[in-house]
Every structure is written in C-alpha cells, then in structure tokens.
Amino acid sequence: LRGVTRVFASGTKALGPFDLDVGEGEFVSLLGPSGCGKSTALRIIAGLLQPSAGTVTFPNGKPRIDFVFQDPTLLPWANAGETVRLPLDLARVPRAEADARAVSALARVGLEGFQSAYPRELSGGMRMRVSIARALAAKPSLLLMDEPFAALDEMTRQELNDDLLRLWRDDGLTIVFVTHSLGESAYLSN
C-alpha cells in the first residue's frame, strides 16, 4: 500500500496516508486503538473498499484472498460442513472434492466430526473455528483477519492463536491480522 487514504462520504477520514509492505509468507499484525483505520486498511487490501487516494499493488499478481471477520458470519440454517463448503460451491468445485476439503479444513481447526453441527450447537470458539475452516478450504495464499478472537475468553483465544500459528506455518500463508491486543500481536507476528 502506498499513500492509501480512505475518506467516507460523511467526510470522515478513516485512514491515511498509509504505507504498508507485506512480504510473502509474513504474519503481520495491524495494532492500534479503535477507529484508527485498521479494519479499513484490511478491507482495502481485500478489495471490499476502494481507497480515496493511493495505490494497492501485488507485485506477483493478486493472490487468492480470504477474509475472516470479527463475527464468524455463519448461516443459521447451514451446518458446519455446508458452511465451510459454501465458497467451494460458489466456485463450482465438484461436490466430492468440496466435501473432502470441508471435512479436512474442519479437522485442521480441531472440529473433526462436527460437520453436521449447526451454529446454535457450537460455542463461540467453535463458531470462529468454522469461519477459519471456511477460509482455509478455499486455499488462500493471503488470509486477512479482522479481530477474529476479540469476543472470546482468554483461554480459547490463546488456543486459537496457537492453532493459527500452526496453520500459518503448515500452509505457508501470508496473514494480515487486526487486533487491539499488544500481547496477541507480539505473540503472532513476525
């Protein structure tokens, strides 16, 4: 990102000018107080928002990007397997392959055997794991995470931090992670 600025229609300057370099395979945290533009920067990287000024470039071409939001955004009528499979269905991945990738992604986040569970049957940490599995099933190279563990208790949060570091190393992901927690950013980021 070079000189990225975002001003909303209301006149609120949400970000910038902001420069950021993220290398392939890095785990970078954006740390700061509420309202400083961390989530806005993430949404610009994802292409969900356009910058008012500045440029966003991907030197090796735009990677496969997935986004994990603060809220797990699960569908109440869909079980965990269907939720994880949704982006694969939208990409027209053959059903057998999509099912296998969904089961594998759920197992990788500690939810083996939970593919038939509905959101109402899952704890907050488990719902966030489904959200992460949904992103991983699509095989991203860049994973954007907007305070995904903020609403969780400290023990669950630490467990998910450990799991996330393992997934980052195993998959060679590039991760940009938004947090308010100095400790979390120091623990996760390189």
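Restricting attention to region 139-151, and to residues there that are open to solvent by 10 Å² or more (accessible area, probe 1.4 Å) and among the aliphatic types (A, V, I, L, M), which single residue is nearest to P63 (Cα to Cα)?
So, considering only residues that are open to solvent by 10 Å² or more (accessible area, probe 1.4 Å) and among the aliphatic types (A, V, I, L, M), the one nearest to P63 (Cα to Cα) is L142.
Conditions tested, residue by residue: (1) outside any helix (DSSP H, G or I); (2) open to solvent by less than 70 Å² (accessible area, probe 1.4 Å); (3) over 14 Å from A135 (Cα atoms); (4) touching a residue at least 60 places away in the same chain (Cβ under 8 Å).
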| site | (1), (2), (3), (4) |
| --- | --- |
| G54 | yes, yes, yes, no |
| F58 | yes, yes, yes, no |
| F67 | yes, yes, no, yes |
| T83 | no, yes, no, no |
| D89 | no, yes, no, no |
| D99 | no, yes, yes, no |
| A105 | no, yes, no, no |
| F114 | yes, no, yes, no |
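Looking at region 31-47, can you tell me whether even one residue there is of a type in the set (A, V, I, L, M) and assigned to a loop (DSSP other than H, G, I, E, B)?
So far as region 31-47 goes, no, none of its residues is of a type in the set (A, V, I, L, M) and assigned to a loop (DSSP other than H, G, I, E, B).
Go through (1) among the hydrophobic types (A, V, I, L, M, F, W, C); (2) modelled with pLDDT of 95 or more; (3) open to solvent by 50 Å² or more (accessible area, probe 1.4 Å) for F8 and report which single condition fails.
Checking F8 against (1) among the hydrophobic types (A, V, I, L, M, F, W, C); (2) modelled with pLDDT of 95 or more; (3) open to solvent by 50 Å² or more (accessible area, probe 1.4 Å), the one that fails is (2).
Among the residues of region 158-182, count how many are open to solvent by less than 50 Å² (accessible area, probe 1.4 Å) and either farther than 19 Å from A107 by Cα or not in a loop (DSSP other than H, G, I, E, B) (or both).
The number of residues fulfilling the criteria is 14.
Search region 117-136 for residues that are closer than 12 Å to D71 by Cα and open to solvent by less than 10 Å² (accessible area, probe 1.4 Å) and pair each with any residue that is at pLDDT 95 or above and not β-branched (V, I, T) when their beta-carbon atoms are under 6 Å apart and the residues are at least 6 apart or on different chains.
Qualifying pairs under 6 Å: V130/A80.
Take M155 and decide whether it is farther than 15 Å from Q70 by Cβ, open to solvent by less than 70 Å² (accessible area, probe 1.4 Å) and part of a helix (DSSP H, G or I).
Against the criterion (farther than 15 Å from Q70 by Cβ, open to solvent by less than 70 Å² (accessible area, probe 1.4 Å) and part of a helix (DSSP H, G or I)), M155 does not qualify.
Go through region 69-81 and give me each residue that's of a type in the set (A, V, I, L, M) and crowded, with 16+ Cβ neighbours inside 10 Å.
If the condition is that a residue be of a type in the set (A, V, I, L, M) and crowded, with 16+ Cβ neighbours inside 10 Å, then L74, A80 are the ones that fit.
The values are calculated or read from the model by the stated rules, or taken from the named source; none is laboratory data. Small disclaimer: the values here were computed from a predicted structure and weren't measured. All Cβ positions, even for glycine, are placed from backbone atoms using ideal geometry, and neighbour counts span all protein chains on display. The accessibility values were calculated without ligands, DNA or RNA, using every heavy atom of the protein model including side chains. Shrake-Rupley method; radii C 1.70, N 1.55, O 1.52, S 1.80 Å.
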